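Below is one structure, written out as C-alpha cells, with a few remarks after it.
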Amino acid sequence: MALMPVKDALARLLDGAAPLASETVAIGQAAWRVLATDIAALRTQPPFDASAMDGYAVRAADVASVPATLRVIGEAPAGKGFTGTVGPGEAVRIFTGAPVPAGADAVLIQENTRLSPNGVEALEPVAAFRNIRRQALDFREGEPLLEAGRLLDPAAVSLAAAANHAALPVIRKPLVAILATGDELLPPGSETGPDQIISSNAYGVAAVVEKMGAVPLDLGIVRDDRSGIAAAIDGARAAGADIIVTLGGASVGDHDLVREVLSSAGMTLDFWKIAMRPGKPLMFGRLGDVRVLGLPGNPVASLVCSHLFVAPLVAQLGGRPHMLDIRDAVLGVDMTENDQREDYVRARVESRDGQLVAAPFPVQDSSMLRILADANALIVRPPFAPAAPAGSPCRVVLLR
C-alpha cells in the first residue's frame, strides 16, 4: 500500500482545525496571546494638549523676537495642570506630560531659557504648537485599534493598556496532553537498569507546544499495558485536552498497544504511516472533539514530526499564523539518490558569499539526539530525488 505524502498528511491534519473559543484575561496576562475580537480605544490619547518637553508654556507671539523676558505666573507638573490662563508677556513653568494651560500655544524648552530677576528670558524663538503633543495625536475614543487575530506583542499590549483596556478577549490556549509509553522508559534522574533508557521525547514535544503558545499537560510514562494507557487517555479527556500526543507504541510490534487502545476508546483513524523519514509511523485520528497524534518513539523522529505536524496544528487551534522557515540553499557535499519517502536530513547550514550552504551530518540515525541538537536545519529531499553533487540546489527547513 502506498504511503501518504507529507503534504497530504499535513492537509488532513489541519482540515477543520478552527481557532478555539475565546476567554477574557487581565491585561497583565495578555502578552503573546492572540486577540479574539477587534478592540477600539476606550479613551483619547493624549486626552489634552500635553507638553512634550520640560520648559515654559508661552504664547509663540511673545517670543517671536528674542531675547524676550516673560513673567512666570505658575507651574504645571505632570498630573496637576495649571488652572489659570497665560496672557501676553506671561509664562508657566511646565513639565513633560502636563496639560498645556489655556492661552499658551507653544512650549519653550528649558535649555533655551535663562532665569532673570524679572522672570524667565527666552533665548530662542519657538513656533506655535512646537513641543506640544496635540489632543488625540495617538488615538481618539472609539477609534479601532487592534484587529482580531493580532498576536499581542509588547507594542500591542501597551497600546491596549493605554486605551484603558483592563482585560482583553483572547483565544484560549490549546491544551496538549503528552503521553509517553514503554516498559523501558524512566524519567530523567533515574538509576537505569540494564534494559532501560531515559525518557526524553516528552520534554522536546512540550517545548514545541509551549513555543506555539499552547499548554502542555504531561501524562507521564505509562507501561505497555492496555489498562494503563486507557486510564491515561481518559485522564487527558477529563482534563479537557484539545490534542493528545502519544509517543511510541503506535507501530506494529506486539507491545505497540496505543493505536489499539485508542480505537477501543472510539478513535476514528484518519491515517497511519506516511512517506517520510524520519517519522514513517505517524498516526492521526479523532477521539470525539480531541485530535490525536501518535508520534514515533525514536527521539529524533518524534521531534522532527513535532516541528512539521504538532506545531502547525497547535498554532492553528490557537489562532496563530505558522509557516516553516524554508529557504533555498545548495548542497555542501554529494548526496545519494532517495527512495519513495520524503527525507528530512539533519544538517548544518551556513552562509558563504551570500549563499546558504547545507552540509548533512554523515550519520542520520533517528535515535541520535546530539546530531539533532547540533543541526540548525533539515535538508528536504523529495521522494525519488536523484543523486545530487555538491553545489546542487536544495531546500532547507531552518530550525534556529
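The values are calculated or read from the model by the stated rules, or taken from the named source; none is laboratory data. Predicted, not measured: the structure shown is a model, and the values here were computed from it. Cβ atoms come from the backbone with ideal geometry, glycine included; neighbour counts cover every protein chain shown. What goes into the accessible areas is simple: the full protein's heavy atoms, side chains included, and nothing from ligands, DNA or RNA. Shrake-Rupley method; radii C 1.70, N 1.55, O 1.52, S 1.80 Å.
Remarks
- Between SER200, SER264, SER351, the GNM of the chain built on Cα springs shorter than 10 angstrom shows SER351 fluctuating the most.
- Rounded to 5, the percent of DSSP beta bridges in the chain classed as antiparallel: 65 percent
- Here the gap between ARG348 and GLU141, fully extended at 0.36 nm per residue and compared with their Cα-Cα distance, gives a gain of 69.3 nm.
- Residue list for the range 158-175, given a label point 7 angstrom along the Cα-to-Cβ vector of LEU42 and an amide N cut-off under 17 Å: 158-170
- MRE, 222 nm, helices only [DSSP H, n ≥ 4, -39500 (n - 2.57), over the chain, to nearest 500]: -5000 deg cm²/dmol
- Count Lys and Arg as plus one, Asp and Glu as minus one, and take only other residues whose Cβ is under 12 Å from that of ILE274; the net charge is then +3.
- Based on Cα contacts under 8 Å between residues 6+ apart, the chain shows a relative contact order of 16 percent.
- Accessible area per residue for the range 257-389, computed on protein heavy atoms with a 1.4 Å probe, is 44 Å².
- Using 0.36 nm per residue and subtracting the Cα-Cα separation, the extra length available between THR85 and ASP234 on full extension is 46.4 nm.
- Extension gain, ASP15 back to ARG370 (0.36 nm per residue minus Cα-Cα distance, nm): 124.4 nm
- Modelled this way, with points 7 Å down the Cα-to-C-beta line, the labels at ASP289 and ALA64 are 7.1 nm from one another.
- Largest GNM mean-square fluctuation among GLY297, GLY266, GLY279, using the chain with Cα springs under 10 Å: GLY266.
- Hypothetical label at GLU111: residues of the range 45-82 whose amide nitrogen lies under 16 Å (7 Å Cα-Cβ projection): 52-56
- Qualifying trypsin sites (Lys or Arg not before Pro) for the range 1-92 [loop in DSSP, other Cβ within 10 Å: at most 12]: LYS80
- Net charge of Cβ neighbours under 12 Å - reference ASN112; Lys, Arg +1; Asp, Glu -1: -2
- Size of charge dipole - the range 1-54 - debye, nearest 20, with Cβ of Lys, Arg +1 and Asp, Glu -1, no other charges: 260 debye
- Descending principal axes extents, the chain, alpha-carbon based, whole Å: 98, 54, 42
- Simple label model, 7 Å out from Cα along Cβ direction - ILE198 to GLU337, nm: 4.2 nm
- Shape category assigned to the range 213-314 from the gyration tensor of Cα positions, a/c cut at 1.5: rounded
- Based on every Cα atom in the range 1-138, Rg and the maximum pairwise Cα distance Dmax equal 27.0, 98 Å.
- For chymotrypsin sites (Phe, Trp or Tyr not before Pro), the sites in the range 296-399 that DSSP calls loop and that have at most 15 other Cβ atoms within 10 Å are PHE384.
- Annotation note: GluC sites (Glu not before Pro) in the range 154-220 located in DSSP loop regions with a Cβ neighbour count of at most 15 within 10 Å are GLU191.
- The chain - percent of accessible surface contributed by carbon and sulfur, probe 1.4 Å: 52 percent
- Computed from Cα atoms alone, the Kirkwood hydrodynamic radius reported for the range 354-400 is 12.1 Å.
- Rg over Rh for the range 265-312 works out to 0.98, using Cα positions for both radii and the Kirkwood form for Rh.
- Positive-end ranking of ILE243, PRO144, LEU179 along the dipole of the chain, with charges on Cβ about the Cα centre, is headed by PRO144.
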